[in-house]
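*Asks:* There's a structure below that I have some questions on.
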Amino acid sequence: MASVKEQEAIRKLMVFLQEWDSGHKVARSRVLDSFIKSNNGKTEPELELEFSQGASLFLARLTAWLRMTYMHSTCLDKLLKSIGIFLSAAGGRRYLIEFLEIGGVMTLLEILGLNHLKEEDKRESVKLLQLVANAGRKYKELICESYGVQCLAELLATSTSAEAQEDAQVLLDSLGRGNPKYQHQVYKGLIAVLPCASPRAQQLALQTLGAIQELVGEAPPALLEPLLAVLGSAHLEVQHEALQLLPALLPLRVRPALLAALVAALTPPGHPALASRSESTADPNALCPREPTLAYIQQAAAAKAIGILAKESVEVAEELIQLNVVHGLMVAVGNMEHMPSQRHSSISLKYFVHTFPFVEEHMKNAVGDTLFQLFMDSPETWYTKMDQAQAEELASSILDIPKDMGRKQSTEEVQGSTPISFSWRLH
């Protein structure tokens, strides 16, 4: 038989629940304010003591009211924070299970897709989903099975709140780890974010792709087109993250297509006219230079990426040579419309010239002694000393390197040392 003290506690609980059940929006809002202030950070035993072993009864009411009112934003932020107190309570796994049994995950995901709701409400929803994911693999699978990856990817791509985007990224990263059944779904969801209009979303998606790349293994071919597109972003922070991802793709099957696409980006359509300025840009009285086209920005980024990847291994450098990368870099150096293209391609060209003597010989023959000496004296700045005629000559130079010269040169250099296994010997 319950003691007098226990009976009094139960009576107070029943009165509290009856007041909640009969209360309207204003009254319930005050109850939520008091609950959040008094119970934030409490453990499961502390919550049960507060509610006379009936905390689950209040949680059930909170969840039911959430499901009925979330589309109308009725005290939504307070409701979500109150539920979060239960889900985050130490030792409160049963609260999580009770919340999930009545469709809590689907409700939280639906909140993310409602355009009229506040970004702060969506952030609170993501925080609750993170608590669910933190509970273990089967809970991550439940979120993914409920189309959670799609909802989070859309939030990341479309949200106007940087904080909400970061919360979505953290949760997507969590879903991509310790969740082998759905990690490829997470990876593809992040790829789908790349074409969006938000540079911040692109940056966060690229960061997460890089973080889980090793876990996923092979990258799908569908990655290359959006990845190369963001490589040409006018936002340097996005370019940086794209460049960071590229080396991780070299051991994968997408490598040949990746290298070919980078080399192709060095010579945009109509490249013979790169060095020829239009009348408007050639006008010495023009107040400012023409804005660079996206193709030029991508050209500069591709030149930079090629330099980074070529230094990863001799195999990669020689594959690039077979793709006629040297000619492409010379075209980019001759692009007087876009100085970053000239700078990055010059730096990358320096590596090929200094590493492969036959490249040095062919380049010298192609551009002549004077221009070549400028390059050798100052590879990082020689393009600033070129005149219009020299730039046009460089951009139109035809550098014909026989297909087998890379193999021949490498064989000569490694005679008497341990042989290098070049990639084309494997095909």
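*Asks:* Hey, Glu154 hits all of (1) under 23 Å from the mean Cα position of the chain (by Cα); (2) open to solvent by less than 30 Å² (accessible area, probe 1.4 Å); (3) farther than 25 Å from Ser56 by Cβ but one; which does it fall short on?
*Replies:* Among (1) under 23 Å from the mean Cα position of the chain (by Cα); (2) open to solvent by less than 30 Å² (accessible area, probe 1.4 Å); (3) farther than 25 Å from Ser56 by Cβ, Glu154 violates only (2).
*Asks:* Of everything in the range 234-267 that's among the β-branched types (Val, Ile, Thr) and modelled with pLDDT of 95 or more, which residue is nearest to Leu224 (Cα to Cα)?
*Replies:* The qualifying residue nearest to Leu224 (Cα to Cα) is Val254.
*Asks:* Turning to a different aspect of this structure: Suppose we filter Glu380, Glu360, Glu393 for residues that are open to solvent by 30 Å² or more (accessible area, probe 1.4 Å) and modelled with pLDDT of 85 or more; which single one remains?
*Replies:* Going through Glu380, Glu360, Glu393 in turn, the sole match is Glu360.
*Asks:* Same structure again: Does Ala135 satisfy being assigned to a helix (DSSP H, G or I) and either in contact (Cβ under 8 Å) with a residue 12 or more places away in the chain or open to solvent by 60 Å² or more (accessible area, probe 1.4 Å) (or both)?
*Replies:* In short, no.
*Asks:* Hey, another quick one. If we keep just the residues of the range 20-35 that are open to solvent by 40 Å² or more (accessible area, probe 1.4 Å) and in contact (Cβ under 8 Å) with a residue 24 or more places away in the chain, which is farthest from the chain's Cα centre (by Cα)?
*Replies:* Asp21
*Asks:* Moving to a separate point now. Hey, any hits in the range 273-280 for a residue that's open to solvent by 60 Å² or more (accessible area, probe 1.4 Å), over 25 Å from Val359 (Cα atoms) and at pLDDT 90 or above?
*Replies:* Scanning the range 273-280 turns up no residue that is open to solvent by 60 Å² or more (accessible area, probe 1.4 Å), over 25 Å from Val359 (Cα atoms) and at pLDDT 90 or above.
*Asks:* Report yes if some residue within the range 109-119 is of a type in the set (D, E, K, R), in contact with a helix residue (DSSP H, G or I) (Cβ under 8 Å, 6 or more places away or on another chain) and not in a helix (DSSP H, G or I); otherwise report no.
*Replies:* Yes, that holds for at least one residue.
*Asks:* Could you check the range 161-227 for helices (runs of 4 or more DSSP H) lying wholly inside it with 3 or more residues that are among the small types (Gly, Ala, Ser)?
*Replies:* The qualifying helices (runs of 4 or more DSSP H) are 162-175, 199-216.
*Asks:* Here are some conditions: (1) open to solvent by less than 40 Å² (accessible area, probe 1.4 Å); (2) closer than 14 Å to Ser397 by Cα; (3) of a type outside the set (Ser, Thr, Tyr). Phe352 meets all but one. Which one does it not meet?
*Replies:* (2)
*Asks:* Regarding Leu142, is this residue open to solvent by 20 Å² or more (accessible area, probe 1.4 Å) and closer than 18 Å to Val186 by Cα?
*Replies:* yes
*Asks:* A further question on this structure: Quick test for you: out of Ile191, Ile212, pick the one residue that is open to solvent by 10 Å² or more (accessible area, probe 1.4 Å), within 12 Å of the chain's Cα centre (by Cα) and under 25 Å from Val132 (Cα atoms).
*Replies:* Only one candidate qualifies: Ile191.
*Asks:* Now, a different point. Please pick out the residue among Ser174, Ser161 that is farther than 21 Å from Leu100 by Cα and either surrounded by 23 or more Cβ atoms within 10 Å (Cβ to Cβ) or not hydrophobic (A, V, I, L, M, F, W, C) (or both).
*Replies:* Every option except Ser161 fails the conditions.
*Asks:* Would you point out which residue out of Leu96, Leu17, Leu47 is within 34 Å of the chain's Cα centre (by Cα), assigned to a helix (DSSP H, G or I) and either of a type in the set (A, V, I, L, M, F, W, C) or at pLDDT 90 or above (or both)?
*Replies:* Just one listed residue meets the conditions, Leu96.
The values are calculated or read from the model by the stated rules, or taken from the named source; none is laboratory data. Source: prediction; values computed, not measured. FYI the Cβ positions are ideal-geometry reconstructions off the backbone, even for glycines, and counts take in every protein chain you see. Accessible surface is based on the protein model in full, side chains and every heavy atom, while ligands, DNA and RNA are left aside. Shrake-Rupley method; radii C 1.70, N 1.55, O 1.52, S 1.80 Å.
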